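**Student:** Have a look at this one before I ask anything.
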Amino acid sequence: MKKLLVYLIMVFSATSCMKAQKSDFIEEALVENLLSIDGTQIAFKDVLKKHQGKTILIECWASWCSDCVKAMPKVKELQANNPNVDYVFVSMDKTADKWKLGIEKYALTGDHYMANDGMKGAFGTAIDLDWIPRYIIVDKTGKIVLYRAIETDFETINSTLNSLK
């Protein structure tokens, strides 16, 4: 009985620390404005609406992030293997100049936006952003099917995208 109790406590502790998979963005994320490449502000819900009916891969990244830069070839491979997916890049850069230079330097193709207040700001907090690069996959119905993936999860990202074809 004592072993069972210890086991249950360990399982509860482990699962309570895990971050939950979400199927929808919370309202705080949806209403948060992002800076678009043309200098205008757009609510995240309108970014999603723009890609309605399509599978979307969202990457949160920054030009200063070495893990993000190391992952770029894998992202390009995903794009080559999944041309019917819409790619949305949300930068956590501190300035628009660095963000735009990063897009050009790494030849990122897709839709580009920048969080107005970095990783720890309102948008980052609303999507539980604790690491970049971070990948989120949204299916054609608008449901999140993969909420938390990082640069070491490309097999999971690829298999998720393949399951949505």
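**Student:** Would you check which residues across the stretch 78-90 are closer than 20 Å to residue 153 by Cα and in contact (Cβ under 8 Å) with a residue 12 or more places away in the chain and list them? Working first, answer last.
**Tutor:** Our first condition is that a residue be closer than 20 Å to residue 153 by Cα; within the stretch 78-90, this holds for 78-83, 85-90.
Once the filter is applied, which keeps residues that are closer than 20 Å to residue 153 by Cα and in contact (Cβ under 8 Å) with a residue 12 or more places away in the chain, the stretch 78-90 yields 78, 79, 81, 82, 85, 86, 87, 88, 89, 90.
**Student:** Okay, next question. Any idea which of 54, 49, 74, 70 is open to solvent by 30 Å² or more (accessible area, probe 1.4 Å), farther than 19 Å from residue 133 by Cβ and touching a residue at least 12 places away in the same chain (Cβ under 8 Å)? Talk me through it step by step, then tell me what you get.
**Tutor:** On the way: 49 fails: touching a residue at least 12 places away in the same chain (Cβ under 8 Å); 74 fails: farther than 19 Å from residue 133 by Cβ; 70 fails: farther than 19 Å from residue 133 by Cβ.
Checking each option against the conditions leaves just 54.
**Student:** Quick check on the stretch 123-133. Is at least one of its residues of a type in the set (A, V, I, L, M, F, W, C), crowded, with 22+ Cβ neighbours inside 10 Å and closer than 27 Å to residue 162 by Cβ?
**Tutor:** Taking the stretch 123-133 and keeping what is of a type in the set (A, V, I, L, M, F, W, C), we get 123, 126-127, 129, 131-132.
Right, trim to crowded, with 22+ Cβ neighbours inside 10 Å and you get 123, 127, 132.
From what is left, the residues that are closer than 27 Å to residue 162 by Cβ are 127, 132.
Among the residues of the stretch 123-133, at least one is of a type in the set (A, V, I, L, M, F, W, C), crowded, with 22+ Cβ neighbours inside 10 Å and closer than 27 Å to residue 162 by Cβ, which makes the answer yes.
**Student:** Checking residue 44 against (1) touching a residue at least 12 places away in the same chain (Cβ under 8 Å); (2) surrounded by fewer than 18 Cβ atoms within 10 Å (Cβ to Cβ); (3) hydrophobic (A, V, I, L, M, F, W, C): exactly one of these is not met. Which one?
**Tutor:** Result: residue 44 passes all but (2).
**Student:** Sticking with this one: Do the conditions hold for residue 111, that is, is it closer than 18 Å to residue 147 by Cα and of a type in the set (D, E, K, R)? Before the answer, list the steps.
**Tutor:** Values: closer than 18 Å to residue 147 by Cα: no; of a type in the set (D, E, K, R): yes.
No: the conditions fail for residue 111.
**Student:** Now for a separate question. Name, by its number, the condition in (1) touching a residue at least 40 places away in the same chain (Cβ under 8 Å); (2) within 18 Å of residue 25 (Cβ to Cβ); (3) in a helix (DSSP H, G or I) that does not hold for residue 160.
**Tutor:** Condition not satisfied by residue 160: (1).
**Student:** In the stretch 94-115, what residues are touching a Leu at 6+ places or on another chain (Cβ under 9 Å) and more than 18 Å from residue 56 (Cβ to Cβ)?
**Tutor:** 96, 99, 102
**Student:** For residues that are open to solvent by 10 Å² or more (accessible area, probe 1.4 Å), in contact with a helix residue (DSSP H, G or I) (Cβ under 7 Å, 6 or more places away or on another chain) and not polar (S, T, N, Q), scanning just the stretch 84-110, find the one that is nearest to residue 31 (Cα to Cα).
**Tutor:** As a first pass, look at the stretch 84-110 and keep what is open to solvent by 10 Å² or more (accessible area, probe 1.4 Å): 84-87, 94-98, 100-101, 103-110.
Right, trim to in contact with a helix residue (DSSP H, G or I) (Cβ under 7 Å, 6 or more places away or on another chain) and you get 85, 87, 106, 109.
When the remaining residues are screened for being not polar (S, T, N, Q), the result is 85, 87, 106.
Values: 85: 24, 87: 20, 106: 29 Å.
Going through the qualifying residues, I end up with 87.
The values are calculated or read from the model by the stated rules, or taken from the named source; none is laboratory data. Because the structure is predicted, anything quoted here is derived from the model rather than measured. Cβ: placed from backbone, ideal geometry, glycine included. Neighbour counts: every protein chain shown. Heads up: the accessible areas ignore ligands, DNA and RNA and are worked out on the full protein's heavy atoms, side chains in. Shrake-Rupley method; radii C 1.70, N 1.55, O 1.52, S 1.80 Å.
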